[in-house]
1. Sorting Thr255, Thr170 on the 10 Å Cβ count, fewest up front, what's the list?
2. Sum up the charges of everything whose Cβ sits under 12 Å from the Cβ of Asn154, counting Lys and Arg as +1 and Asp and Glu as -1, but leave Asn154 out.
3. Could you list which residues have their amide H under 5 Å from that of Phe283, counting only those 5 or more apart in sequence or on another chain, with H placed in the peptide plane?
4. Can you tell me the orientation of helix 12-28 relative to the chain, as the angle in degrees between its alpha-carbon axis and the longest Cα principal axis, to the nearest 10?
5. By counting other Cβ atoms within 10 Å of each Cβ, how are Ser97, Ser273, Ser165, Ser201 ranked from fewest to most?
6. Once Rh is set to the Kirkwood radius over Cα pairs, what Stokes-Einstein translational diffusion coefficient, in µm²/s, holds for the chain at a temperature of 25 °C and a viscosity of 0.890 mPa s?
7. Once you've got the Cα coordinates, tell me which of Lys118/Lys209; Lys103/Lys243; Lys209/Lys261; Lys100/Lys174 are over 30 Å apart.
8. Before rounding to the nearest 500, sum -39500 (n - 2.57) across all DSSP H runs of length at least 4 in the chain and divide by the residue total; then give [θ] at 222 nm in deg cm²/dmol.
Amino acid sequence: MIFPAYLSALNPTLRAWLRSTAVALFCVSPFLPVGPSAAQTLSPFKDELFAYPAILSEKDGGAYRVVDYREMRDVNERDDVPERQVKKQYISLGVRSQQKDLKLQTAAGARRFVAVGKQQGASMIVLYLHGQGGSRTQGVNDNTFGGNFNRVKNLVAQAGGLYLSPDFSTFGDKGAAEVSALIANYAEKSPGAAVIVACGSMGGALCWKLAADETIAKRLGGLLLLGSLWDDGFLSSAAYRAKVPVFFGHGSRDTVFPVGKQEAFYRKLRGKSANYPTRFVRFESGTHGTPIRMADWREVLNWMLSQ
């Protein structure tokens, strides 16, 4: 280790102390962080119950995986009443104490939404945007979709984050403006928080519109498309240029949005930029709603937060 010449002019005792302190610091951590702190990692929450049953195959260095899905096991054996009431071991209802049904008045109009967790100073902000026929209550229903919404609420809340499930009027520009206003409102209250948006089914139309918004794209920490649609316009969007991570979850028997179309879009995304942060999980034999039930929220969010 080289020391500047001016140290020789110091008191010998002080000079020796400075030398020993510098050496000790260097030995303990020669690469002391000078930038932002390490990415946050969500702590485990019922991981053994929500882990993927089995990986049938994978490629692209693990970015593309085919996961085993069986309705008898993953719905009938997991729910007391199939698709209506999950078994109690899959949920923890204490998180309801942090849940509020609210309304936000913005220039885009007044919209109701459900908020779970810290509304100021949140470590992260996670939104779920429902599909056709849904509402704000879908994304906070503890008992449907195998308890997966209860899990994401718990994961985000215990990490000091904020989870939002809003109503919106359309899947077009007006709905996108309403969601953008909600994001802007809470991003201002938690300026250091990454904003991660999950879109189920037709809600994906809003994910792609948010990705094209220059202001919102700067805040985005990730997009999840769950049994959703594709948009070639993303390849020229602000979010694409910012390399916002994108996760695709899709059932192989989805009759609403064919899996082959979404896989082709994933390939196009990787083809344009081989190192683009994107992952695809194909649930073999799964249908349209399967990714909402089966996606491993902790794995996906941790990956996005690490980017």
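Computed from the coordinates by the stated procedures, all read-outs in this text should not be read as laboratory data. Not measured: the values here are computed from a predicted model. Counting neighbours? That spans all protein chains shown, and the Cβs are built from the backbone with ideal geometry, glycine included.
1. On the way: Thr255 9, Thr170 12.
Placing the least packed residue first, the sequence is Thr255, Thr170.
2. Values: positive: Lys46, Arg96, Arg151, Lys153, Arg298; negative: Asp47, Asp142.
Spelling it out: positives minus negatives among the neighbours equals +3.
3. Under 5 Å from the amide H of Phe283 lie the amide H atoms of Val67, His250, Gly251, Ser252, each far enough along the sequence or on another chain.
4. The angle comes out near 20 degrees.
5. Working: Ser97 9, Ser273 12, Ser165 28, Ser201 25.
Ascending number of Cβ neighbours within 10 Å: Ser97, Ser273, Ser201, Ser165.
6. Details: Rh = 20.8 Å.
In µm²/s, the coefficient is 118.
7. Working: Lys118/Lys209 26 Å; Lys103/Lys243 32 Å; Lys209/Lys261 19 Å; Lys100/Lys174 24 Å.
Checking Cα-Cα distances, Lys103/Lys243 exceed 30 Å.
8. Working: 10 runs with 94 residues, N = 307.
Helix-only estimate at 222 nm: -9000 deg cm²/dmol.
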